1. Identify, please: which residue in region 149-170 is touching a Phe, Trp or Tyr at 6+ places or on another chain (Cβ under 8 Å) and crowded, with 24+ Cβ neighbours inside 10 Å and is, among those, farthest from Val231 (Cα to Cα)?
2. Helices (runs of 4 or more DSSP H) wholly in region 233-318 with at least 3 residues that are in contact with a helix residue (DSSP H, G or I) (Cβ under 8 Å, 6 or more places away or on another chain) and surrounded by fewer than 21 Cβ atoms within 10 Å (Cβ to Cβ) - which ones?
3. Report, ordered by the first and then the second residue, all pairs with beta carbons closer than 6 Å, sequence separation of six or more or different chains, a first member in region 104-122 that is under 16 Å from Arg135 (Cα atoms), and a second member that is loosely packed, with under 12 Cβ neighbours inside 10 Å.
4. Here are some residues: Ile149, Ile125. Which one is part of a helix (DSSP H, G or I) and in contact with a strand residue (DSSP E or B) (Cβ under 8 Å, 6 or more places away or on another chain)?
5. With respect to Glu142, determine if the residue is surrounded by 14 or more Cβ atoms within 10 Å (Cβ to Cβ), touching a Gly at 6+ places or on another chain (Cβ under 7 Å) and in a helix (DSSP H, G or I).
6. Looking at Leu175 and the list (1) of a type outside the set (Ser, Thr, Tyr); (2) within 24 Å of Lys279 (Cβ to Cβ); (3) not in a loop (DSSP other than H, G, I, E, B), which single condition is not satisfied?
7. Collect the residues in region 156-176 that are on the phi < 0 side of the Ramachandran plot and in contact with an Asp or Glu (Cβ under 8 Å, 6 or more places away or on another chain), keeping them in residue-number order.
8. Spot the failing condition for Gly238; the list is (1) modelled with pLDDT under 95; (2) touching a strand residue (DSSP E or B) at 6+ places or on another chain (Cβ under 6 Å); (3) more than 22 Å from Gly99 (Cβ to Cβ); (4) not hydroxyl-bearing (Ser, Thr, Tyr), and only one is missed.
Amino acid sequence: MGFAGKTGQIRSAASDLDSERRLAQTRPARLAGVRRLIINADDFGLTSGVNRGILESHQSGVVTSSTLMACGAQFQEGVALALQVPRLSVGCHVVLVDGAPVLSVEQLSSLAIAGSPPRFRESLIGFAGRAAAGRLDQEQIEQEVTAQIQKLQAAGIDVSHLDSHKHTHMFPVVLRGMLRAAKNCGVRAIRNPFEPLVFAKVGSWKRQFQLRILQRYRETFRNELAEAAMVTPDGCIGIAVTGGLTRAAFQSLIENLPEGTWELVSHPGYIDEDLDEIKTRLRASREKELAILTSAAAKESLRRAQIELISYRELAAK
């Protein structure tokens, strides 16, 4: 290798190091041997059964945070329940695919399709293709995410953090729009949707493949968060086993949790008629997760592993 090549490598390494230092400022300080865990319940506001399951998983279980869907069918009920449990840290579960928008179709030409009611496109694969082809408008994303956050805030919710339905904010164009919306609305924390591949081994082969493909967005995510000075955990666990979490898998995730601050993604709930009418693969699994998250065994696993449970509100305050 010539001098120019070596110089390029040195500059690249220096750039990576600088990026890592800036990202470290967005994460809570690591203390040797300390492991913290946020357990977040997604889909608050989806149905009454899901709302009831999330509330129970917080009051009787280990869930510390949840994210509310601005256009969920039971949004108003979710708000009322959230206001009854002030210790539950409530964020916005941003929906840009497979759901309904807050803004009109005319304002979201790259995201939504006309209908009664208007809808986002259903396919995540199609959404990913449009993102990769540059066919998603970042300004429209910012405006829609801002509208979703502001709908929660207008209802009295102190929005503590953001995440996204089907983790669409791993795509750079969505991430940038969400970060600008977060700044618009005074939200300081966001989910880090990347799961260490060591945990992907407990999921299905299809999920493992998807996670490996999407790892290429990790570097962009790291750089964008460093620039935005947002707070984020070190990463997520549980994504690979979404829809298939077992007691054994939960225990394995807890026992192997690295040092630092992490988020366990969960979807507890009860099956009801409204859920039966929604296109989702997460049905019976919601009740199974609820049973795990409220079990004495889960609490004992966390105690034995000396893992400190925290909320997104506490993360943002650190």
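The values are calculated or read from the model by the stated rules, or taken from the named source; none is laboratory data. This one's a predicted model, so the numbers in the text were calculated from it and none came from an experiment. A quick note on method: Cβ atoms are made from the backbone with ideal geometry, for glycine too, and the neighbour counts reach across all protein chains shown.
1. So, considering only residues that are touching a Phe, Trp or Tyr at 6+ places or on another chain (Cβ under 8 Å) and crowded, with 24+ Cβ neighbours inside 10 Å, the one farthest from Val231 (Cα to Cα) is Thr168.
2. So the answer is 247-255, 296-304.
3. Val105/Ala114
4. The conditions single out Ile149.
5. Answer is yes for this residue.
6. With (1) of a type outside the set (Ser, Thr, Tyr); (2) within 24 Å of Lys279 (Cβ to Cβ); (3) not in a loop (DSSP other than H, G, I, E, B) applied to Leu175, the lone miss is (2).
7. Residues satisfying the conditions are Asp163, His165, His169, Pro172, Leu175, Arg176.
8. Only one criterion is unmet by Gly238, namely (3).
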